[in-house]
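Have a look at the structure below, then the notes.
The values are calculated or read from the model by the stated rules, or taken from the named source; none is laboratory data. These numbers come from a predicted model, not from an experiment. Cβ sites come from the backbone with ideal geometry, for glycine too, and all protein chains shown count toward neighbours. Heads up: the accessible areas ignore ligands, DNA and RNA and are worked out on the full protein's heavy atoms, side chains in. Shrake-Rupley method; radii C 1.70, N 1.55, O 1.52, S 1.80 Å.
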Amino acid sequence: MPRLSEVIAALENLWPAERAESWDAVGTVVGDPGQEVTRVLFAVDPVRETVDEAVTLGADLLVTHHPLYLRGTTTVAASTFKGRVVHTLIKNDIALHVAHTNADTADPGVSDALAGALDLRVVRPLVPDPTDPDGRRGLGRVCELDHPLTVRDLAARAAERLPATVQGIRVAGDPDALVRTVAVSGGSGDSLFDHVRAASVDAFLTADLRHHPASEFVADRAHSPLALLDAAHWATEWPWCELAAAQLDEISDRHGWDLRVHVSKTVTDPWTAHAASPATTDTSGAPN
Ligand SMILES: [Zn+2]
């Protein structure tokens, strides 16, 4: 059985902490380096639901994409929900390790997993990491489709392949336009519009798109005859958990460790219900 320190060293090798953004909070949040690890759970969010899942599973290590304390804290009192997470982890001898923006820009990283879930062929990073001489690391990915799909069919594929959420996939732009190239970025993507325009792709799949950037983006037909596909933030990052689990499985085999690696099936998307407007089948864009 490996020690926590050995497993963390392997994870740090995949997603070095120094490659995280300066504002980020990655690395080990809770854990005794000398503790043995037999079971690992990967999840997007370090919240009560996934911690409870780790307890039920008998996991010794929970690896999440999102940080627990992004902006630091002065208390881990169990009267706060994050403090309760810390208490539950420590009482159950479960370590917590975070790989966030260092996993976004990794090769392979969060957007490779998103592209893989949709059978998109990754061509290059959308925003290459200037410190990578091979040009393989960076934010987002520019991808090609083996066979062109309409925006409508690409959205249907995303809805089918990504884990189910009440939001599903929102589309901006002509649903009948053909997509041959698409930029993808797991998580919030509306800071990337300039890079998407420069990439001359037919569509952009991401999450958390706001009204004004999206509206201006699709209105600017001269520069971007593009469609936007907006999925739930959690759903765009969840495929990374499967990728990361497979990577740790492979490392475990290579080291002769007997690790059991699991992926959380708990939906931690905060949106829990959706009321569709009546009669939205008119796709002309005109109000009914
Ligand atoms: Zn995220």
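Among strands (runs of 3 or more DSSP E) entirely within segment 165-281, having at least 3 residues that are within 16 Å of the ligand (Cβ to nearest atom), under 30 Å from L62 (Cβ atoms) and out of contact with any Pro (no Cβ under 8 Å at 6 or more places or on another chain) singles out 178-188, 203-207. Scanning segment 70-127 for residues that are in a loop (DSSP other than H, G, I, E, B), under 23 Å from the mean Cα position of the chain (by Cα) and not acidic (D, E) yields L70, R71, G72, I94, A99, H100, T105, A106, P108, G109, L118, L120.
Look at (1) more than 17 Å from G189 (Cβ to Cβ); (2) open to solvent by less than 40 Å² (accessible area, probe 1.4 Å); (3) touching a Phe, Trp or Tyr at 6+ places or on another chain (Cβ under 7 Å) and you find that A103 fails only one, number (1). Filtering segment 26-59 to residues that are among the acidic types (D, E) and open to solvent by less than 40 Å² (accessible area, probe 1.4 Å) leaves only D45. Only residues that are open to solvent by 40 Å² or more (accessible area, probe 1.4 Å) and either among the acidic types (D, E) or not in a helix (DSSP H, G or I) (or both) were counted in segment 1-25, giving 8.
With respect to being under 23 Å from T101 (Cβ atoms), at pLDDT below 95 and open to solvent by 40 Å² or more (accessible area, probe 1.4 Å), R71 fits the description.
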